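The values are calculated or read from the model by the stated rules, or taken from the named source; none is laboratory data. Since we're looking at a predicted model, the values are computed, not measured. Positions of Cβ are generated from backbone atoms using ideal geometry, with glycine treated the same way; all protein chains shown enter the neighbour counts. Note: areas computed on protein heavy atoms with side chains; ligands, DNA, RNA excluded. Shrake-Rupley method; radii C 1.70, N 1.55, O 1.52, S 1.80 Å.
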Amino acid sequence: MTMSLAACTAQDISTPPAPALVDEYRPTTRSAQVEELRVAVARYSDFAVARREGWRPFGDDEPLMGTHYYNESAPDYVAGDALDFSRPNNLMYTEIGGQQVLTGVAFVVRIGPGESVPDGFAGSMDRWHVHDFVAAIDAAAEERPILGGIANWWLDQNYRNKGDNRGRLAMVHAWVTLENPDGMFADFNRTLPYRKLDLPERYWQGASIAAARGLNLATDGGCDTQNGTLWIANVTRSQDRAIKQACRIGADEVRSAISEGGKSRINTAGEQAWARFDAVWQQTLTPTQRRRIAAMSEHGGDGHEGMKH
């Protein structure tokens with residue numbers, strides 16, 4: 001994710017909420033845990049309820065995922081805590097058909113050096129990924145001495161001087177509200193751009209992740225989601241123009257295919273648009289810029305993969 005994740009986490013670390021109280025009963029099977037989670041978050045299908053209860057956005061509307069929302073009263077899970085499956089500390093929303101739709105939820109657990117990712121859900125199906133919070137701030141502050149000074153002051157006040165060395169964030173997604181062909185705990189949900197573009201369900205069945213990424217370019221704001229990523233990279237104006245032009249061209253290609261219709265035609269156009277856009281991305285950004293983005297992006301990679309997120 002982008003720097004906004006760090007800002008949200010900063011607030012969590014500086015003023016952590018009281019640990020969640022969990023009933024003695026804990027579901028022990030994955031299906032029971034998922035069902036408890038699904039029931040617990042059902043009310044958040046109404047976006048107004050989430051806003052009323054204090055859930056606030058951070059980061060962008062990430063492709064194939066949505067915008068993450070946090071709540072100051074949500075649990076501050078740390079290494080060794082048992083998850084309360086009725087209390088995720090992230091919700092994810094994206095706009096579909098003019099409405100904010102709950103795409104799924106996430107659990108975030110702070111871990112320190114040498115501490116492993118949580119056991120999480122029963123079995124081995126859940127897929128945890130880890131952000132290095134301090135490394136992410138350092139990456140964003142490279143070549144920005146004023147920002148670097150502010151960031152390090154904040155780290156001293158809210159992290160280093162407090163003796164809390166859990167600066168890594170382990171996260172798992174759970175797609176409990178929308179179908180995900182890649183599974184309950186997949187990193188991304190390839191159906192989202194199809195839903196945003198009001199395409200039939202059969203169009204995403206069997207479609208590749210590349211096709212979904214290409215289609216996402218054509219969604220409302222699809223070429224704007226990279227703004228935070230490019231800011232982290234500290235791109236030049238010419239780099240910014242080249243990448244955004246490539247995105248617009250890809251988006252137009254996908255829209256043209258949609259106007260013509262047909263599952264195969266649209267998915268092929270999506271794959272081709274993504275391949276060309278990715279080539280421009282890789283050729284335009286320097287290795288240093290891609291390294292910075294990788295430190296900030298939710299699932300690693302050069303951050304173009306971060307655009308998957």
Gyration tensor on Cα atoms of the stretch 23-103, a ≥ b ≥ c root eigenvalues, a/c under 1.5 rounded, else prolate if a/b beats b/c, else oblate, says prolate
Keeping every protein chain present and rolling a 1.4 Å probe, give me the accessible area per residue for the chain in Å². 44
For the stretch 237-242, what does the Karplus curve 6.51 cos²θ - 1.76 cosθ + 1.60, with θ = phi - 60°, yield as ³J(HN,Hα) per residue in whole Hz, taken in order and with x for Gly and Pro? 4, 5, 5, 4, 4, 4
Applying the Karplus parametrisation 6.51 cos²θ - 1.76 cosθ + 1.60 with θ = phi - 60° to the phi angles of the stretch 138-144, what ³J(HN,Hα) value in whole Hz is obtained for each residue in order, glycine and proline being reported as x? 4, 5, 5, 8, 4, 6, 10
Note, ³J(HN,Hα) from phi for the stretch 58-64, Karplus 6.51, -1.76, 1.60, rounded to Hz, x at Gly and Pro: 9, x, 8, 6, 6, x, 6
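Can you order the peptides 234-244, 60-70, 144-154 by their average number of other Cβ atoms within 10 Å per residue, highest first?
60-70, 234-244, 144-154
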Alpha carbons only, please: Rg and Dmax for the stretch 170-309, in angstrom. 15.0, 43
From the list (i) 62; (ii) 66; (iii) 54, can you say which value of percent of Cα pairs over 24 Å apart was derived from the structure given? (iii)
Chain lengthening between Arg144 and Ala122 when straightened (0.36 nm per residue, less Cα-Cα): 3.6 nm
Only Lys, Arg, Asp and Glu count, each charged at its Cβ (+1, +1, -1, -1), so figure out the dipole size of the chain about its Cα centre, rounded to 20 debye. 620
Surface share of carbon and sulfur [accessible, 1.4 angstrom probe, percent] for the chain: 49
Could you tell me the relative contact order of the chain? Use alpha-carbon pairs under 8 Å, at least six residues apart, and round to a whole percent. 20
Give me the net charge of Asp182's neighbourhood, meaning all other residues with Cβ under 11 Å from the Cβ of Asp182; Lys, Arg count +1, Asp, Glu -1. 0
Full extension from Ser264 to Ser45: what is 0.36 nm times the residue separation minus their Cα-Cα distance, to one decimal in nm? 75.6 nm
Once every DSSP H run of n ≥ 4 in the chain is given -39500 (n - 2.57) and the sum is divided by its residues, what mean residue ellipticity at 222 nm do you get, rounded to the nearest 500 deg cm²/dmol? -13500 deg cm²/dmol
